[in-house]
Amino acid sequence: MNVQIPERRPRDQAEDDQVQAFQVEALDVRGRIARLGPMLDEMLGNHDYPQPVARALAEATTLAVLLGSTHKQVRRFILQTQTDGAVDLMVVDITAPDRVRAYARFDSGKLEALSAPGTGALVGNGHLAMTIEAGGDHNRYQGIVALQGEPLEAAAHRYFMQSEQIPTRLKLAVGEKMHPGGAKATWRAGAMLVQFLPEDSARAAQADFDPGDAPEGHELHTVEEDDAWTEAQSLIETVEDHELLDPTLSSERLLWRLFNERGVRVFNAQTMTAQCTCSRERVMSVLKSFPQEERADMVEDGQVQVTCEFCGRHYAFAPEEIGVEDASGEAGE
């Protein structure tokens, strides 16, 4: 039975902090488009990051939101970088379906020494790990790709080629929106991902990896690219950064610009929010898990103080709240 899909014009009203799934059946592609505004600005505002560090974390957050939304039945998605660069650690933690938190650790001395602190130079060499927790009886999955002083967008492309083996194209843009009257600039980001998923998997075949040390005269393996995927990639290449960042341009309108001749089907959008999972109860539980001697060493000026690295929220505990013995030698409840 054929199901009639209703047709309508794209919405003109722009939306922020949403991930919009879409499908272009004529080209056998599926994709996601993410547009982040107030949510991203709020999350970065929890920390006084230098501008280059905030930009790098914005890129990581946008990439995580985009990639995390492509997996079904996911309870938690974590993107993490560990490298030798000025920004040696970034973590973006997404609790399905919509809660996002992020954190970056950086070395001020290394940061000042950089003459052109783009994301690739900031992060340096190391690895990018993506962890998927489905919950229940499902095993935890982790995919890892090397970072080689390149933009995160390039590393994501290599991940899909090596690990997922799905023809994928990704565009990512981050910028600051200036406001009149000297008001503080706000962060914005946009990203689009398309994947070629034909029913006949042979159409999505890709060339083998370059062996690197092949004998002279060795003929590299090549695969002729499917026409539909060639067309889809050429259309995505026309997307410019300002289109992904434009707060007045809706995701549907942008998709219509690209695929109106082929027809594009959109699905319900998922709204994302900046929300940390920390709480006073959780922090207290963590503190109580430490040995008694270590808890006692944490006491300063009659309190144990903890600041959440993700949201910057501050918690203060009396020693007896976490079971530290008082002066008489009696342990608190």
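Here are some notes:
- Residue satisfying condition, being more than 22 Å from PHE106 (Cβ to Cβ) and of a type in the set (A, V, I, L, M), within set ALA134, ALA121: ALA134
- Of the residues screened, THR248 is not one that is surrounded by 15 or more Cβ atoms within 10 Å (Cβ to Cβ), β-branched (Val, Ile, Thr) and either modelled with pLDDT under 95 or under 19 Å from LEU67 (Cα atoms) (or both).
- Per-region count, the range 49-102, residues surrounded by fewer than 20 Cβ atoms within 10 Å (Cβ to Cβ) and of a type in the set (D, E, K, R): 7
- Filter pass, ARG55 being at pLDDT 95 or above and among the charged types (D, E, K, R): yes
- Of the strands (runs of 3 or more DSSP E) lying entirely inside the range 14-88, those containing at least 3 residues that are over 22 Å from ARG105 (Cα atoms) and in contact with a strand residue (DSSP E or B) (Cβ under 9 Å, 6 or more places away or on another chain) span 18-24, 29-36.
- LYS184 vs. criteria within 24 Å of GLY312 (Cα to Cα) and either modelled with pLDDT under 90 or among the charged types (D, E, K, R) (or both): yes
- Breaking point among (1) at pLDDT 95 or above; (2) over 16 Å from GLU153 (Cα atoms), for ALA60: (2)
- Some residue of the range 163-172 being of a type in the set (A, V, I, L, M) and out of contact with any helix residue (DSSP H, G or I) (no Cβ under 6 Å at 6 or more places or on another chain): no
- Residue, farthest from ARG30 (Cα to Cα), within the range 258-308, restricted to residues that are in contact with a Cys (Cβ under 7 Å, 6 or more places away or on another chain) and free of Cβ contacts under 8 Å to residues at least 60 places away in the same chain: CYS308
- Test for MET39: is it crowded, with 21+ Cβ neighbours inside 10 Å and within 30 Å of GLN233 (Cβ to Cβ): yes
- Of the candidates VAL266, VAL304, the single residue that is under 30 Å from ARG32 (Cα atoms) and either exposed (fewer than 15 other Cβ atoms within 10 Å of the Cβ) or among the aliphatic types (A, V, I, L, M) (or both) is VAL266.
- The residue that is farthest from GLY175 (Cα to Cα), among those in the range 226-245 that are of a type in the set (Val, Ile, Thr) and in contact (Cβ under 8 Å) with a residue 24 or more places away in the chain, is ILE236.
- Of residues in the range 264-302 being among the aliphatic types (A, V, I, L, M) and part of a loop (DSSP other than H, G, I, E, B), the one farthest from PHE317 (Cα to Cα): VAL264
- Filter result (within 20 Å of HIS47 (Cα to Cα) and out of contact with any strand residue (DSSP E or B) (no Cβ under 7 Å at 6 or more places or on another chain)) within the range 267-307: CYS278, SER279
- Filtering the range 126-140 to residues that are of a type outside the set (Asp, Glu) and surrounded by 13 or more Cβ atoms within 10 Å (Cβ to Cβ) leaves GLY126, HIS127, LEU128, ALA129, MET130, THR131, ILE132, ALA134.
The values are calculated or read from the model by the stated rules, or taken from the named source; none is laboratory data. Values in this document were obtained by computation on a predicted structure and should not be read as measured data. FYI the Cβ positions are ideal-geometry reconstructions off the backbone, even for glycines, and counts take in every protein chain you see.
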